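Notes for the one structure printed next.
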Amino acid sequence: MPPKLPKPEELANVNYKPPKKWWQKGTAEIKEGFWCFGSRPKYLQAVDMPNPREWKPTDEDWKLPDNWREIFLEGMAERLQKYRSFHLFMDICVRCGACADKCHFYLGTGDPKNMPVLRAELLRSVYRKYFTPSGKLLGKIAGARELTPDVLKEIWTYAFQCTECRRCSVFCPYGIDTAEITIIARELLNLLGLNTDWIMGPVANSYRTGNHLGLEPHTIKSNIDFMLDDIETVTGIKVEPSFNRKGAEILFVTPSGDLFGEPGIYTCMGYLMLFHELGLDYTWSTMAAEGGNFGFFTSNDMAKKLAYKIYSEAKRLKVKWILGGECGHMWRVWNQYFDTWHGPADFLEAPVSPITGTRFENAKGSKLVHIAEFTSDLIRHKKLSLDPTRNDHLQVTFHDSCNTARGMGIFEEPRYIINNTCNHFYEMPENTIREKTFCCGSGSGLNAGENMEQRMRGGFPRANAVQYVKERHGVNMLANICAIDRATLKPLMDYWVPGVNVAGVHELLGNALIMKGEKERVIDLRGEPLPGKEGA
Amino acid sequence: MGALISFIAVIILTLLAYGGVKSANMQAIFGIVLPYAAIMTFLIGVSYRVIKWAKSPVPYRITTTCGQQKTLPWIKQNKIENPSDAMGVTVRMILEVLLFRSLFRNTRSELQDGKLLHGSSKWLWLGGIAFHAAFFTVLFRHLRLFTEPMLLPLHLVETLDGFMQIGAPRLLMSGVVLLGAAMFLLLRRFLIPQVRYISLPADYFPLFLIIGIAVTGIMMRYVTKTDIVSVKELTMGLISLKPKIHQGVGAIFYIHLFLVSVLFAYFPFSKLVHMTGVFLSPTRNLANNGREVRHINPWNYKVKARTYEEYEDEFREKMKSANIPVEKE
């Protein structure tokens, strides 16, 4: 049973006053509602990761290998040599505090160790002790700490209380990126088998079936078949996509969240309708049916292994280029890691839109095009007939996902699509959107059930900004381009801002899209009556 | 606690120099040996740090993007906050290093009646930029002690620095600003609870040290009116590697010089290396063009991942019955 969630009024009463006790003396407090279950051994075994065993974060004994300290410190030494980011960020922080109130977890909890600077100091203090002359010599005065079991637990607690959203790195005068520190901290913890069930389950699934949900090929097809039936009900049009078809021009890859559960499936229906309307020569791959990558939340090695299938399927199916669906961390990985891991993609061609002839210059190396880039280009070239009045019952705002905002910078494309498919669009306050966007509070594998209080607290700043536009403009739809957002913002809204729904941008497009030969539409993709068609 | 330790440390250093010169006649130590040692430590230490960082590669292009990406031709890219080429990166780095661009974005979040308000907050930026600009101006002005004849830009800087034309010797703004800004940075560590909570002795020590340096420097110019000719003979001796001690230079000069020496020697072992580190920061000095140009990771390696063959072997029958094409019938 997940712990009971306090009422919103209680949670909104955050105390930012730091405790009297100095943090370096503190021990790890593993609070109910703030941690995820430890990974079951079978998941670690499935992908050959260390120290599989049954364990619970609240156990006194975490069943670590005897030489855990050496493993951790050797791992640290190795990564200091492999990552300039990590090495530099361990050294140059001046603790100016500019990052402190930029973190959604700090704003939602008031826990000083959730200030990005202190989250990093938890690991930095260990770095000083074992890797710097001043720390070795002066110890505590130099801010150095021994790596004790308590310190390890503390690092674990706060490495899994960071969504790697990078908001702090926007404000840091040296560009220190807490995501880099958390990513490495999680890698080190993974060397000791310290991961969460919610992350390792999807990793193991993704390795075997290609997607996080563990959908087998026939299930992927039947899930999409259900959506096709719904599309037919709504539009009267029978859409017939292909699977694992060789020789298609484009391979389409989206997060598996779009294949299962609401509201992701509505976004997926939007893709399917769009591609059908265009007569796009594309195929799905049942193996590369996951753009998301929970491996990214365990280790670089695992992330790379899970990313392998995308190019290998593109090669096997002999497509020309790859189109990617709406997802957050998928695009961080595709934009900043993918080509380095598995390129050069010389077996593919520089992507060109078959409809408009536009060359996607910014993707000519990796051949990975974002669907918002693809669709906004179509609209710009007037290739789509759109009826935005079908979305007239929606007062829409847009949530920039952390990863696509700060690890890519795709701001205008989704807004352009929304503005062409909806008549009522309102921005949230300036300091809460675009590169300053607030995380949903559940990214980087924290979207489990047992840590719900942590999630609601982490999502508080986001929800608060939505509430602002709800009160001012009656906003009732929170659009986004991220599968994790679609899954996590809904409970967040239900908790903080009831009455606000969540949709992918391509769901809005699917509703507005006038398809050739469609029947008069009376319901939207969710099966609800369109505005003005309530009696129909 | 951290502040007290640091404060006491700077007091001890001050007394050490005073006592050393006044009662032990160690002018040669404090005027020649230690400055040389400090400057050597600084040069070797900082180079060592930079080389060590540079030896760790940058495996991935992890730019923090703070503006619209390069995309379709009709969407305006933010070429500085989200650079896609060397030019954009250069401008971004110049703004970062000279004007503290990222800190300029700073906001302050407040919770009022269950509502979070995020307002602009420029105080830290202002304090930071005043501190650093003043520090470098003061440092630059000191070149007059090491050049004969004085370099032309020095005259210019001094004229600008003293443009208020107050007092004799004329009041130089940079010293006052340096002291004021350092006090501001110190006070915010005392007064803002969150900042006090995160502050370590290593945060207070350089501030006290620099305040000590500024105070002694200002005193020499305006209060004790230290014999500038003797000082210059000493400094010219240092720079020309023919060091010589001159009597008639007061103890306060040695305190000043000693604190400066400590600062230089301490520099490479401390957070002060952010001065050089900022240039190497991968989230700022890389173009966000990972999909356009391949970024090479020097330690890249092939992973053993699941192959399609293994996948099909597991699911072949299910795929066939769902009419999904397979490689092997």
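The values are calculated or read from the model by the stated rules, or taken from the named source; none is laboratory data. No experiment lies behind these values; they were computed from the predicted model shown. As a convention, Cβ positions derive from the backbone with ideal geometry for all residues, glycine included, and neighbour counts pool all protein chains shown. Remember, those area values only see protein heavy atoms, side chains included, never the ligands or the DNA or RNA. Shrake-Rupley method; radii C 1.70, N 1.55, O 1.52, S 1.80 Å.
Only helices (runs of 4 or more DSSP H) wholly contained in region A:292-402 count here; list those with 2 or more residues that are surrounded by fewer than 24 Cβ atoms within 10 Å (Cβ to Cβ).
The helices (runs of 4 or more DSSP H) meeting that bar are A:300-316, A:338-342, A:371-380.
The criterion of at least 1 residues that are in contact with a His (Cβ under 8 Å, 6 or more places away or on another chain) and in contact (Cβ under 8 Å) with a residue 12 or more places away in the chain is met, among helices (runs of 4 or more DSSP H) falling completely within region A:428-536, by A:452-458, A:460-473, A:483-496.
Selection over region A:85-103 of residues that are touching a strand residue (DSSP E or B) at 6+ places or on another chain (Cβ under 6 Å) and under 21 Å from A:Ala142 (Cα atoms) gives a count of 0.
Among the residues of region B:77-113, the ones that are open to solvent by less than 30 Å² (accessible area, probe 1.4 Å), at the interface with another protein chain (Cβ under 8 Å from one of its Cβ atoms) and not charged (D, E, K, R) come to 7 in all.
The numbered conditions (1) polar (S, T, N, Q); (2) in contact (Cβ under 8 Å) with a residue 24 or more places away in the chain; (3) within 14 Å of chain A (Cβ to nearest Cβ) are all true for B:Gln27 except (3).
Matching residues to (1) farther than 22 Å from A:Lys82 by Cβ; (2) under 29 Å from the mean Cα position of the chain (by Cα):
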{"residue": "B:Met236", "(1), (2)": "yes, yes"}
{"residue": "B:Phe258", "(1), (2)": "yes, yes"}
{"residue": "B:Phe264", "(1), (2)": "yes, yes"}
{"residue": "B:Val273", "(1), (2)": "no, yes"}
{"residue": "B:Asn288", "(1), (2)": "no, yes"}
{"residue": "B:Val293", "(1), (2)": "no, no"}
{"residue": "B:Asn297", "(1), (2)": "no, yes"}
{"residue": "B:Tyr308", "(1), (2)": "yes, no"}
{"residue": "B:Arg316", "(1), (2)": "yes, no"}
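Annotation note: Cβ proximity below 9 Å between a residue of region A:393-408 that is hydroxyl-bearing (Ser, Thr, Tyr) and a residue that is in a strand (DSSP E or B) (sequence gap 6+ or interchain) occurs for A:Thr397/A:Phe425; A:Thr397/A:Met477; A:Thr397/A:Leu478; A:Thr397/A:Ala479; A:Ser401/A:Asn480; A:Thr404/A:His370. Residues considered: A:Leu88, A:Leu73, A:Leu118. Of these, the only one that is in the same structural domain as A:Lys21 (by TED's automatic domain parsing), open to solvent by 20 Å² or more (accessible area, probe 1.4 Å) and under 25 Å from B:Phe269 (Cβ atoms) is A:Leu73.
Total residues in region A:422-444 satisfying the condition of being closer than 21 Å to A:Asp494 by Cα and of a type in the set (S, T, N, Q): the figure is 3. Let me confirm something: among B:Leu124, B:Leu72, which residue is touching a Leu at 6+ places or on another chain (Cβ under 7 Å), facing chain A (nearest Cβ under 7 Å) and not charged (D, E, K, R)? Answer to the check: B:Leu124. Applying a threshold of 6 Å to beta carbon distances and a minimum spacing of six or more residues, or different chains, the list of pairs starting in region A:367-388 at a residue that is more than 30 Å from A:Gly532 (Cα to Cα) and ending at one that is in a helix (DSSP H, G or I) reads A:Leu368/A:Trp334; A:Val369/A:Ala363; A:Glu373/A:Glu413. Assess whether A:Leu152 counts as being assigned by TED's automatic domain parsing to the domain that holds A:Ser85, buried (at least 23 other Cβ atoms within 10 Å of the Cβ) and at pLDDT 95 or above. No: the conditions fail for A:Leu152.
Within region B:189-205, the set of residues being buried (at least 19 other Cβ atoms within 10 Å of the Cβ) and more than 7 Å from chain A (Cβ to nearest Cβ) comprises B:Arg189, B:Tyr204, B:Phe205. Check whether at least one residue in region B:139-146 is on the phi < 0 side of the Ramachandran plot, touching a residue at least 60 places away in the same chain (Cβ under 8 Å) and among the aromatic types (Phe, Trp, Tyr), and report yes or no. Checked against the condition, which is being on the phi < 0 side of the Ramachandran plot, touching a residue at least 60 places away in the same chain (Cβ under 8 Å) and among the aromatic types (Phe, Trp, Tyr), region B:139-146 yields at least one hit.
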